Amino acid sequence: MVTADDVREIALSLPRAYEALVRDQVKFRVGRIVFVALSRDETLMGFGFPKDERAALVANDPGTFVMPVKSDERYNWVRARLAALDVRQLRELITDAWAMCVPKGVARAYFDGSSNADDAKSR
């Protein structure tokens, strides 16, 4: 089981990511784009995910994944129960959501592990 602290640690380790508190809810952003958000009770994590793939994700593992709230259905978004995730899954979900928000060169540098990741971070 992972916690909000695990989410924070992973999200803030990514280039250009920062934490914001919006209406008593913790959100992680790149610029103005939210890529991960925690529910107020920190049991659910919303994250960027392709709209056309989320129904299949939820159908394949309804114990872990939940459709977004009605107001978020128009976005590339889905939710996961933190209690059902392990750290490896969490890291993958967060980094994939982050990669949807940053310029492709920043994501590529990060995933390649190149020393240019820091240079891309500052751009």
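Report, by residue number, each residue of region 33-75 that is within 14 Å of Trp98 (Cβ to Cβ) and free of Cβ contacts under 8 Å to residues at least 24 places away in the same chain.
Val34, Ala37, listed by residue number.
What about Leu90, is it of a type outside the set (D, E, K, R), in contact with a helix residue (DSSP H, G or I) (Cβ under 8 Å, 6 or more places away or on another chain) and closer than 14 Å to Leu12 by Cα? Talk me through it step by step, then tell me what you get.
Values: of a type outside the set (D, E, K, R): yes; in contact with a helix residue (DSSP H, G or I) (Cβ under 8 Å, 6 or more places away or on another chain): yes; closer than 14 Å to Leu12 by Cα: yes.
So Leu90 fits the description; yes.
Which number in (1) under 10 Å from the mean Cα position of the chain (by Cα); (2) among the charged types (D, E, K, R); (3) buried (at least 16 other Cβ atoms within 10 Å of the Cβ) marks the one condition that Glu92 misses?
The single condition Glu92 does not satisfy is (3).
Residues checked against (1) closer than 20 Å to Gly113 by Cα; (2) surrounded by 12 or more Cβ atoms within 10 Å (Cβ to Cβ):
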{"residue": "Asp6", "(1), (2)": "no, yes"}
{"residue": "Arg23", "(1), (2)": "no, no"}
{"residue": "Asp41", "(1), (2)": "no, no"}
{"residue": "Ala59", "(1), (2)": "no, no"}
{"residue": "Arg88", "(1), (2)": "yes, no"}
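Scan region 72-104 for residues that are in a helix (DSSP H, G or I) and at pLDDT 95 or above and report the count.
So the count comes out to 16.
Quick one: Val30 ticks every box in (1) more than 12 Å from the chain's Cα centre (by Cα); (2) buried (at least 20 other Cβ atoms within 10 Å of the Cβ) except a single one, so which number is it?
For Val30, the exception is condition (1).
Return the total of residues in region 48-71 being polar (S, T, N, Q) and not in a helix (DSSP H, G or I).
First pass over region 48-71, keeping only residues polar (S, T, N, Q): 60, 64, 71.
From what's left, not in a helix (DSSP H, G or I): 64.
Final tally of qualifying residues: 1.
The values are calculated or read from the model by the stated rules, or taken from the named source; none is laboratory data. As the structure is a prediction and not an experimental result, all values here were calculated from the model. Counting neighbours? That spans all protein chains shown, and the Cβs are built from the backbone with ideal geometry, glycine included.
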